[in-house]
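Report on one structure; see the data block that follows.
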Amino acid sequence: MLAHTAPIDLRSDTVTLPSPEMRRAIFEAEVGDDQYGEDPSVNRLQEQVAELLGKEAALFLPTGTMADQVALRLLTRPGDSVVVPWGSHVELHETGGAGANAGIQLIRAGDPERRGLFGVEDLDVAALARGHMLYPPTTLVWIENTHNRGGGLVFPQADAEAICASARDRGIASFCDGARLLNAAVASQRAAAQLAAPFDMLSLALSKGLGAPGGSMLAGTAEMIGAARRHRRMLGGAMRQAGILAAAGIYALAHNVERLAADHDHARAIAERLEASPAFRLDLATVQTNIVVFELAAEPGLPDAPAFVASCRDRGVLLNAFGPRVVRAVTHLDVDTDACRRAAELMVEVAEAGR
Ligand SMILES: Cc1ncc(COP(=O)(O)O)c(C=O)c1O
């Protein structure tokens with residue numbers, strides 16, 4: 001038991017609270033009516049993100065889910081098909097929005113063993129031909145970088161480039177769900193613009209590892225972003241003095257990017273501690289950023305994921321069960337080295353108690 005301390009919350013990097021300095025930036029934000037294009041903070045953030053990602057323009061949206069939904073509506077037509085990775089957020093965590101909002105079908109590329117990665121050969125298999133009226137034509141290919149359910153894997157740049165080039169040759173648009181793109185950039189020591197370059201359009205979240213209380217971005221050509229603005233409004237996501245939130249995003253980009261490396265080190269340390277215990281199944285090669293997805297060994301006496309998560313919660317460590325024996329832990333700016341060390345010890349203690 002972690003007595004008399006606040007719980008160590010490893011459920012997600014979305015649980016971070018704005019720091020006093022970020023709150024000051026919010027307090028002092030210059031604002032205006034963004035529907036008239038008059039919010040200076042939103043405008044500044046949009047310009048900064050366009051530059052960071054090497055795209056002509058960017059758009060501020062309330063959530064990553066809305067960014068994904070706007071992208072689907074913009075880059076497809078009802079009846080089309082979209083090639084997505086195994087375990088994608090857009091398929092599993094957006095309450096069926098892809099079908100309801102965009103009227104498209106999702107086709108999976110890759111398999112669970114590849115944990116959300118796939119190559120150009122998988123696109124070739126999955127993409128359906130245009131021109132034959134039997135098929136829902138594939139008009140969009142989608143990747144997730146880093147891949148959440150896959151355990152925070154960085155999408156290999158060479159694969160991203162080959163997939164997008166092949167897609168372009170066939171008139172298929174490309175999109176990157178880059179909710180955690182800056183984790184990928186820090187982990188792979190590549191500029192965010194380099195990771196973004198192959199894609200027609202991409203998203204970036206401010207409310208995950210970057211620690212802002214809300215907000216996600218879309219980036220692409222000026223024409224696409226103009227059209228995205230209309231879809232954002234249609235989905236009810238056009239705000240007014242949104243600079244209150246944008247100021248937190250500007251603060252986050254200035255102060256919370258390089259420190260993502262610390263979150264990655266913490267995830268690694270947790271993973272190494274778990275991997276050393278026979279109660280867990282974990283491939284250290286999959287721990288590349290701030291997410292640790294691990295399995296509880298299927299041995300008599302060992303808890304399943306819901307029981308393990310419940311015991312950890314009772315003893316002060318919060319986690320999410322991802323399957324009958326699969327659990328996810330996510331590090332972020334509100335958990336330091338010592339908290340991660342204590343959380344890992346407690347996880348081992350709880351899992352091994354039944355052996
Ligand atoms: C990969 C990925 N994409 C999109 C989202 C959606 O973001 P939001 O919670 O802001 O809607 C998430 C949220 O965790 C995510 O992990």
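Values as computed for the structure displayed
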quantity: Qualifying positions in segment 98-109 - closer than 23 Å to Gly152 by Cβ and either surrounded by fewer than 23 Cβ atoms within 10 Å (Cβ to Cβ) or of a type in the set (Val, Ile, Thr) (or both); calculated: Leu106, Arg108
quantity: Subset of segment 208-254 [polar (S, T, N, Q) and more than 15 Å from the ligand (Cβ to nearest atom)]; calculated: Thr221, Gln241
quantity: Residues of segment 268-285 that turn out to be closer than 19 Å to Pro112 by Cα and buried (at least 18 other Cβ atoms within 10 Å of the Cβ), as a count; calculated: 2
quantity: Single residue of Ala196, Ala192, Ala179, Ala205 found to be crowded, with 20+ Cβ neighbours inside 10 Å, more than 10 Å from the chain's Cα centre (by Cα), under 22 Å from Ala262 (Cα atoms) and within 16 Å of the ligand (Cβ to nearest atom); calculated: Ala192
quantity: Members of segment 6-17 that are over 19 Å from the mean Cα position of the chain (by Cα) and assigned to a loop (DSSP other than H, G, I, E, B); calculated: Ala6, Pro7
quantity: Qualifying residues in segment 130-175 (those that are of a type in the set (Ser, Thr, Tyr) and surrounded by 23 or more Cβ atoms within 10 Å (Cβ to Cβ)) - the one nearest to the ligand (Cβ to nearest atom); calculated: Thr146
quantity: In segment 29-87, the residues that are in contact with a helix residue (DSSP H, G or I) (Cβ under 8 Å, 6 or more places away or on another chain), outside any helix (DSSP H, G or I) and basic (Lys, Arg); calculated: Lys55
quantity: So Val335, is it in a loop (DSSP other than H, G, I, E, B), crowded, with 18+ Cβ neighbours inside 10 Å, not assigned by TED's automatic domain parsing to the domain that holds Leu92 and not hydroxyl-bearing (Ser, Thr, Tyr); calculated: yes
quantity: Pairs with Cβ under 6 Å, 6+ apart, first in segment 253-271 and at pLDDT 95 or above, second of a type in the set (Ser, Thr, Tyr); calculated: Asp263/Thr331; His264/Thr289; His266/Thr331; Ala267/Thr331
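The values are calculated or read from the model by the stated rules, or taken from the named source; none is laboratory data. Keep in mind the model is a prediction, meaning the values are calculated, not measured. Every residue, glycine as well, gets a Cβ built from its backbone with ideal geometry; the counts of neighbours run over all protein chains shown.
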